[in-house]
Structures are given as structure tokens and as C-alpha cells.
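The values are calculated or read from the model by the stated rules, or taken from the named source; none is laboratory data. Computed from a predicted structure; not experimentally measured. Positions of Cβ are backbone-derived with ideal geometry, glycine not excepted, and every protein chain shown enters the neighbour counts.
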Amino acid sequence: MKLLVAPGFNFSCSRCGHCCNSYPVPLTALDLERLQAVEGGQPLPVRRLTLEPGLSQSFKAVLLKGEDGFCNYFEGSAGASRCLLQDQAKPQMCRLFPFTFLHAPDGVLSGLSFSSTAVCLNLGEPLASQTATLDEMLALFEDLNPGLKDKTRAEFGRLSLAADLPLSFELYLPLQKTMEEELWQIMGRKQRAIALQALALLFGNLREMSDNYAGSTPQAGEAWFDLALIETYLGSFFNAGAEGSLSLEEQITTQLTKFSQERHLNLPLTARLQSAALNLPASVLLEDLFARFACMRLFSRLYFGPGFSGLSLTVGLGHLFLMLLVGYLRVKLDYMEALENGIEMSEEALFETAVRRIRQVEGKWTSLRYSSREAINMLELAFLDGLRPLRLLDLAL
Ligand code: SF4
């Protein structure tokens with residue numbers, strides 16, 4: 001099967017140690033066996049998860065972190081970190097990170113996670129020249145996800161352009177290619193919020209096409225819902241204290257339902273963004289980071305259908321816009337807060353903040369799954385309005 005690789009992306013591990021200390025590490029039966037061999041008769045630093053819902057059946061346990069929050073097998077410091085397990089017993093998920101794959105009828109799409117520092121900074125060897133590594137990672141991915149490739153390929157036969165509008169793979173492919181080409185042209189540009197502007201226009205075109213196809217008149221959404229949407233996603237994605245026992249999907253749907261019932265909106269974050277007559281300084285580094293994030297998600301098709309929650313192509317694109325927008329707005333809020341504290345961020349500091357926020361968006365988005373009909377319908381309704389992203393752009397510009 002042909003391996004499809006995004007042009008312009010690089011990756012070599014920068015040994016920053018971030019992934020070792022920020023994310024849970026799920027373990028397979030093979031990982032446990034190898035770890036036990038290393039540890040001899042000692043008890044393993046793991047929590048067993050035989051019936052944990054939401055985890056692949058391949059995963060049987062999770063590595064426990066030490067008291068300092070660091071992985072027990074992590075050694076060193078940023079830029080010089082080392083895994084003590086290395087070739088003997090390094091868990092398969094750790095080996096795979098930050099690679100990901102999606103099996104489509106026209107080939108296997110290779111993707112990279114922006115949770116990785118090196119990916120955010122575009123450090124290392126061009127991905128296109130790492131054929132042997134990609135083949136090895138793909139084999140590992142397939143081992144870790146038995147049966148997934150056939151399931152994903154089959155799901156490409158059930159695409160939709162928008163709710164209740166089936167889309168054949170043959171008609172989908174040129175649409176995807178056009179969007180990739182359009183989006184790719186913005187890389188390396190300095191214009192403010194360039195990736196968001198491009199996505200908003202692409203979404204508008206796709207929405208118009210969906211409306212024409214369905215023979216329906218365009219639906220004008222209500223403006224108050226623009227702000228409710230942003231407030232909800234900003235709160236759910238960046239407020240560490242708000243999680244409780246609810247999943248991310250439940251938090252989002254509960255909050256949006258509350259807004260739609262009460263209409264007395266308490267919108268502290270969006271109100272701050274609206275009241276501040278302030279722009280982020282133009283930065284080619286920052287704009288390129290957001291553009292690469294959008295391009296990678298679009299290229300690897302991890303934003304709709306089999307790649308994300310079975311969303312339709314149109315709504316998946318609207319949702320991709322929303323994910324990028326909340327990351328961008330969070331950076332803007334960070335910049336405003338620094339100014340209020342008398343700190344003028346340098347371009348480097350601003351970029352570091354943007355990397356941190358993009359990673360948070362990536363991490364949350366990867367763990368977010370819209371599985372309830374209610375949540376999917378909510379998004380379909382939110383993105384019936386072809387102008388919503390263009391209106392929301394005002395907050396970023
Ligand atoms: S097992 Fe090794 S690679 Fe995995 S998180 Fe721990 S130190 Fe990092």
C-alpha cells in the first residue's frame with residue numbers, strides 16, 4: 001500500500017523529554033512481558049486496566065509516574081533526556097510517538113502529532129526521506145491497532161459531504177486535494193491569522209457546495225451562538241480545573257446546552273477578547289506554526305469521517321477551524337495578560353507560548369471523541385451557517 005507523506009515536514013527527536021513526562025503511557029501485554037524481564041521479580045510501576053473503557057483492547061496497563069510527576073524510566077534533562085528502557089523494553093507507544101497513520105483506499109496517510117516539541121519546531125530530517133522509519137512505525141501502528149486498517153478503509157465508503165448528503169470516495173478525493181493545495185500555499189507567510197483566514201474561506205466554499213447539492217437555502221446562524229461556541233471551547237480546552245468526572249465531549253455539550261437554554265451568557269473570555277483593541281504582533285514563526293498544524297491535520301485526514309468522529313467533510317472542516325481558532329485566541333489572551341502585567345513578550349516568548357497552546361489543543365483534540373448523536377448534531381447545527389467562521393475570525397484579527 002502506498003505511503004503518503006506530507007511535504008515540508010521534518011522530524012527527529014530533540015530529546016526534550018516532554019512526551020515522557022506529560023502524557024500517560026499505555027502498555028500492551030508484550031510491553032508488560034518485556035518490562036517484567038527487565039525488572040526481574042520486582043513489582044512493576046504500572047496500573048492494570050483490564051476493563052478500562054475507551055482504551056484499545058491491546059492496552060492492558062498504564063505506566064505509573066514517580067512522585068515528581070516524571071516517568072520512572074526517564075533520565076536527564078531537556079535536550080539530553082534518555083529512556084532507561086531503550087531497546088530492551090521501551091513501550092511500543094513510546095516508540096511510535098509522534099507518528100500516526102490513517103488507512104485510506106488511495107494509500108496510508110502518515111501524520112505527526114504536534115504534542116511533540118520537534119514537530120512544533122519542524123526540527124530534524126525531512127519526513128519524506130525517512131522511508132525505513134515510516135515503514136517500521138507503520139508496522140508498529142498496525143500491531144497496536146489490530147483490525148483498524150480494514151475498518152478505517154471501509155468507513156471511507158460511507159463519507160458524507162454534510163448531514164444526510166452521502167459523498168462517494170471518487171468525488172471526495174478531488175475536494176480534499178484542492179483544499180490541501182489551497183492551504184499549503186499559506187505556509188511561511190507572515191500575514192496575521194493566515195491559516196484561520198484560509199480555513200474560513202475553504203469552509204464557506206464547502207458549505208455553499210453542500211447547500212447547492214442539497215437544494216437548501218443557506219442557514220443564517222444566530223450571532224450569540226458564535227460567542228457561546230468560543231467561550232465553551234476555550235473553557236473546556238484550557239481550564240485545567242473544570243474537568244471533574246465529565247469527559248471532554250460531555251463538558252462541551254453540557255455547556256452549550258446550558259447556553260442555549262438560558263441565553264444569559266456569562267462570557268468572560270470572549271468579552272475580554274472583544275474589549276481589547278489589540279493585535280498579536282505579526283510573527284512569521286507563529287503564523288507558520290499554526291499553518292503547519294492546519295496542513296498536517298488536513299493532509300492526514302484526521303479532522304472528519306474515519307479520521308475524526310465520523311463528522312461530515314463540511315462540518316469536520318468547520319471544526320478544524322474552531323480548533324485552530326481556540327489555540328490562536330488562547331495565545332492572544334496570554335499576550336494580553338502579559339501586557340497587563342507590564343511584560344512585552346519577545347517574538348521568541350510569543351512563539352514558546354504558541355507552541356505550548358498548540359500542544360494543548362492537539363492533546364485535547366486527540367482525546368476528544370464526539371460519540372453521542374447529540375454532540376454530532378450540535379456541531380452540524382453550529383456549522384450550518386457558512387459565515388460563522390468569517391465572523392469568528394474578527395476575534396483573532
Ligand atoms: S518509558 Fe521511556 S520513552 Fe516511555 S515515557 Fe518512560 S522514559 Fe519516556
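Checking each residue in the range 60-112 for being within 9 Å of the ligand (Cβ to nearest atom), part of a strand (DSSP E or B) and buried (at least 18 other Cβ atoms within 10 Å of the Cβ) picks out LEU63, CYS71, PHE74, CYS83.
Taking the range 1-33 as the region of interest, how many residues are more than 11 Å from the ligand (Cβ to nearest atom) and of a type in the set (Lys, Arg)? Total satisfying the criteria: 1. In this entry, ASP226 passes the filter for residues that are surrounded by 14 or more Cβ atoms within 10 Å (Cβ to Cβ) and touching a residue at least 24 places away in the same chain (Cβ under 8 Å).
Annotation note: of GLN191, GLN261, GLN251, GLN219, the sole residue that is part of a helix (DSSP H, G or I) and surrounded by fewer than 15 Cβ atoms within 10 Å (Cβ to Cβ) is GLN261.
Considering only residues that are loosely packed, with under 15 Cβ neighbours inside 10 Å and outside any helix (DSSP H, G or I), which ones fall in the range 307-349? Scanning the range 307-349 gives ASN341, GLY342, ILE343, GLU344, SER346.
Exactly one residue among LEU171, LEU144, LEU161, LEU148 is modelled with pLDDT of 95 or more, farther than 16 Å from CYS295 by Cβ and surrounded by 14 or more Cβ atoms within 10 Å (Cβ to Cβ), and that residue is LEU161.
Would you confirm whether any residue within the range 176-193 is touching a strand residue (DSSP E or B) at 6+ places or on another chain (Cβ under 7 Å) and hydroxyl-bearing (Ser, Thr, Tyr)? No, because not a single residue in the range 176-193 is touching a strand residue (DSSP E or B) at 6+ places or on another chain (Cβ under 7 Å) and hydroxyl-bearing (Ser, Thr, Tyr).
Residues are listed down the side, and each one gets a yes or a no for (1) in contact with a Ser or Thr (Cβ under 9 Å, 6 or more places away or on another chain); (2) modelled with pLDDT of 95 or more; (3) outside the structural domain of VAL46 (by TED's automatic domain parsing); (4) among the small types (Gly, Ala, Ser):
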residue: THR100; (1), (2), (3), (4): yes, yes, no, no
residue: ALA154; (1), (2), (3), (4): no, yes, yes, yes
residue: LEU183; (1), (2), (3), (4): no, no, yes, no
residue: ILE186; (1), (2), (3), (4): no, no, yes, no
residue: GLY204; (1), (2), (3), (4): no, yes, yes, yes
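Any chance the range 121-131 includes a residue that's without any contact (Cβ under 8 Å) to a residue 24 or more places away in the chain, away from the ligand (no atom under 13 Å from the Cβ) and in a helix (DSSP H, G or I)? The answer is yes, given that some residue of the range 121-131 is without any contact (Cβ under 8 Å) to a residue 24 or more places away in the chain, away from the ligand (no atom under 13 Å from the Cβ) and in a helix (DSSP H, G or I). ARG301 fails exactly one of the following numbered conditions: (1) of a type outside the set (S, T, N, Q); (2) in a helix (DSSP H, G or I); (3) under 22 Å from MET187 (Cα atoms). What is the number of that condition? Just one mismatch for ARG301, condition (2).
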